[in-house]
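The values are calculated or read from the model by the stated rules, or taken from the named source; none is laboratory data. Because the structure is predicted, anything quoted here is derived from the model rather than measured. Neighbour counts run over all protein chains shown; Cβ positions are idealised from the backbone, glycine included. Accessible surface areas use protein heavy atoms only, side chains included; no ligands, DNA or RNA. Shrake-Rupley method; radii C 1.70, N 1.55, O 1.52, S 1.80 Å.
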Amino acid sequence: MSVTAIDVGEIVTRAEAEAAAWDRDGLPREMVELAAKCGVLGADRAAGPGIGAHELGELAATLGAVCSSTRSLLTVAGMVAAAVDRWGTARQREYWLPRFVSGATLPGLAVTEDGAGTELAAVRTSLRPDGDGVVVTGRKLWVSFGELADVLLVLARAEKGPVAVLVPTDRPGVRVEPVADPLGLRGARLAHIDLDAVAVPAENVLAPPGFGLSHVVGTALDHGRFTVAWGCVGMARACLAEAAQRAARRRPDGSALADHQLVRAALGRCWVAVEGAEALCRRAADLRAGGDAGAVRATVAAKYAAAAAAARVAREAVQLLGAAGCGPDSRAGRFYRDAKVMEIIEGPAAVAELHLGDHVLTTAKAGAAQ
């Protein structure tokens, strides 16, 4: 797959026209088919060499600038594909990856539980052997595209430690509970999933027990943070452009909003936030492309900064747009809600700060010891 194989023009046009409706009714299944047709699903790794880190980032930003839920299709499919590609057997890769790329099988990532959101090591979903297969029991929350997913990458606990397993959603014992009216990502067909003694083949387990969280899910989350970060850059770019256009032309008292110093200062602060976030995203892409060991930490920093930038710029955009920013079809208003979710998913801001702070202290101690 090459960069030229990905043409998102049709997706972008469709999202620009219908994203507000999807925010009310959810993304339709046909968008999965369109994403597959355009080469978006598993773009960076499945069924061939894929595109590079920088191209993947810009793809996420392009989709994020029009619809966060559409960008989530790229993220979710990519997360599960990344985990299967990195930790699956040759047989698992050969079976699952082409299905993800073609859109024939839409994957979902089911890790979060009540009491196990930030601290995933506390998951209570269980996996136990049963003859030639395994049985999975538990309840997963906030699964993106859980309403539509054909298979779930589930984090569970086995006797020998955390384990990741692919669970088809058409198996007896799987019950899907759609989430009504979430704060953001309303088009992403969020669902809670009950797994009641679901029997699956043992060959659906990825990697040995004990590797499920640190390796399999860790790979998925790292991929997710990267595309979420770039998607937030897209959101922030779009909101800044809309806010600037509004400030330049709105004349409530005979003068443009941009004639006021406070408005220009707000736009300046937003520009710095967007530029800073994009620079960190590009640095993360550089390190990923080079296989640098610091790429994971750089991705955490990029996602932290980009989510904060999206939240800040969307808030300012709504403020400058006034009543127009509060309407049901307002893109800035939709992004304002989505950006808050971005500050929470794939590792909340407070956890990212601790992770990065620990790195600063470790580096300082190492320097002092020399």
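When the range 112-124 is filtered for residues that are touching a Gly at 6+ places or on another chain (Cβ under 9 Å) and either buried (at least 19 other Cβ atoms within 10 Å of the Cβ) or not charged (D, E, K, R) (or both), the ones remaining, listed by number, are 113, 118, 122, 123.
Here's a check for you: in the range 1-42, which residue that is hydrophobic (A, V, I, L, M, F, W, C) and not in a helix (DSSP H, G or I) is modelled with the lowest pLDDT? Per the stated criteria, the residue is 1. Tell me, which residue of the range 127-141 that is touching a residue at least 60 places away in the same chain (Cβ under 8 Å) and not acidic (Asp, Glu) is most open to solvent (accessible area, probe 1.4 Å)? Among residues in the range 127-141 that are touching a residue at least 60 places away in the same chain (Cβ under 8 Å) and not acidic (Asp, Glu), the one most open to solvent (accessible area, probe 1.4 Å) is 129.
Taken together, the residues in the range 106-126 that are free of Cβ contacts under 8 Å to residues at least 12 places away in the same chain, in a loop (DSSP other than H, G, I, E, B) and touching a helix residue (DSSP H, G or I) at 6+ places or on another chain (Cβ under 8 Å) amount to 1.
Using the structure shown, decide if residue 199 is open to solvent by 10 Å² or more (accessible area, probe 1.4 Å), more than 30 Å from residue 308 (Cα to Cα), touching a Pro at 6+ places or on another chain (Cβ under 8 Å) and in contact (Cβ under 8 Å) with a residue 24 or more places away in the chain. Please lay out each step first, then the result.
On the way: open to solvent by 10 Å² or more (accessible area, probe 1.4 Å): yes; more than 30 Å from residue 308 (Cα to Cα): yes; touching a Pro at 6+ places or on another chain (Cβ under 8 Å): yes; in contact (Cβ under 8 Å) with a residue 24 or more places away in the chain: yes.
Judged against the criteria, residue 199 is a match.
Residue check: is residue 228 open to solvent by less than 10 Å² (accessible area, probe 1.4 Å), touching a Lys or Arg at 6+ places or on another chain (Cβ under 7 Å), closer than 26 Å to residue 29 by Cβ and in a helix (DSSP H, G or I)?
Criteria met by residue 228.
For residue 82, are the conditions met, namely being open to solvent by less than 20 Å² (accessible area, probe 1.4 Å) and over 14 Å from the mean Cα position of the chain (by Cα)? Spelling it out, it is not the case that residue 82 is open to solvent by less than 20 Å² (accessible area, probe 1.4 Å) and over 14 Å from the mean Cα position of the chain (by Cα).
Within the option set 314, 284, 302, 310, being surrounded by 23 or more Cβ atoms within 10 Å (Cβ to Cβ), touching a Leu at 6+ places or on another chain (Cβ under 6 Å), in contact (Cβ under 8 Å) with a residue 12 or more places away in the chain and in a helix (DSSP H, G or I) holds for one residue only, 302.
Output the residue which, of all residues in the range 149-192 that are closer than 28 Å to residue 336 by Cβ and more than 18 Å from the chain's Cα centre (by Cα), is most open to solvent (accessible area, probe 1.4 Å).
To start, the set of residues in the range 149-192 that are closer than 28 Å to residue 336 by Cβ comprises 149, 177-192.
Okay, now just the ones that are also more than 18 Å from the chain's Cα centre (by Cα), so 177-178, 180-181.
Values: 177: 61, 178: 71, 180: 82, 181: 131 Å².
Among them, the one singled out is 181.
For the range 332-370, the set of residues classified as of a type in the set (Lys, Arg) and open to solvent by 80 Å² or more (accessible area, probe 1.4 Å) consists of 340, 365, listed by residue number.
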